[in-house]
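Here's the structure, in structure tokens; my notes come after.
The values are calculated or read from the model by the stated rules, or taken from the named source; none is laboratory data. Quick caveat, the model's predicted, so the values are computed rather than measured. Please note: Cβ atoms are built from the backbone with ideal geometry, for glycine as well, and neighbour counts cover all protein chains shown. The area values use the complete protein model at the heavy-atom level, side chains included, leaving out ligands, DNA and RNA. Shrake-Rupley method; radii C 1.70, N 1.55, O 1.52, S 1.80 Å.
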Amino acid sequence: MISLVGLPGSGKSTVGRQLARRLQQPFFDSDHVIEERMGCAIRVAFERDGEEAFRDIEEAVLDELTLIPSAVVSTGGGAVLRPMTRKRLRERGMVVYLNSTPDELSRRLRHDVNRPLLQVADPLTRLRDLYAARDPLYRETAHFVIETGRPSVGTLVNMIVMQLELAGAIQK
């Protein structure tokens, strides 16, 4: 099982989908699984039930997804906030941190209205705060850190596959 962690907009879903295709494994976007389970968008659940209730469901969904032996899972940006989720991710598979700078993410997400934590007056400051709080948690959880920077999705997938091969996590 391979999990992708990182801030909102770092490319977890896009890269994860391509990585799964390349490795011929099923792909799961934990946010989509959560939305199916709740019957509404995460943004709506956040507003209706609060972040804590959302994190409870997220923890349960990731507990299930990390038990799938061969799959690629993209996690929500805040999945690493709970210690038990960090532990399960790290122990049950390989974790790749897609590291993107707050400035880079701000450019990518400036028109995105579907990310509840970024619906604030100053999204860049919010991203900087999230990065400061979460970067150590992503690094604690991850087996590999991939700097997203400017590479294409295909290049990022190649970089991840190379790291996984070197670690013996997948066969060439």
Exercise. Give 109, 118, 137, 127 a once-over and let me know the one that is modelled with pLDDT under 80, within 21 Å of residue 54 (Cα to Cα) and either open to solvent by 60 Å² or more (accessible area, probe 1.4 Å) or in contact with a Leu (Cβ under 9 Å, 6 or more places away or on another chain) (or both).
Key: 118
Exercise. Could you tell me which residue of the stretch 140-153 is farthest from residue 3 (Cα to Cα), considering only residues that are modelled with pLDDT of 95 or more and either among the acidic types (Asp, Glu) or not in a strand (DSSP E or B) (or both)?
Key: 140
Exercise. Report yes if some residue within the stretch 95-105 is surrounded by fewer than 16 Cβ atoms within 10 Å (Cβ to Cβ) and within 25 Å of residue 155 (Cα to Cα); otherwise report no.
Key: yes
Quiz item: Do the conditions hold for residue 121, that is, is it among the aliphatic types (A, V, I, L, M), more than 14 Å from the chain's Cα centre (by Cα) and not in a loop (DSSP other than H, G, I, E, B)?
Solution: no
Quiz item: Taking the stated definitions as given, is residue 142 among the hydrophobic types (A, V, I, L, M, F, W, C) and farther than 14 Å from residue 97 by Cβ?
Solution: no
Quiz item: For the stretch 21-43, does any single residue satisfy the condition of being part of a loop (DSSP other than H, G, I, E, B) and either aromatic (Phe, Trp, Tyr) or closer than 23 Å to residue 132 by Cα (or both)?
Solution: no
Practice problem: Kindly establish whether residue 11 is out of contact with any Leu (no Cβ under 8 Å at 6 or more places or on another chain), within 17 Å of residue 144 (Cβ to Cβ), buried (at least 19 other Cβ atoms within 10 Å of the Cβ) and not aromatic (Phe, Trp, Tyr). | Solution: no
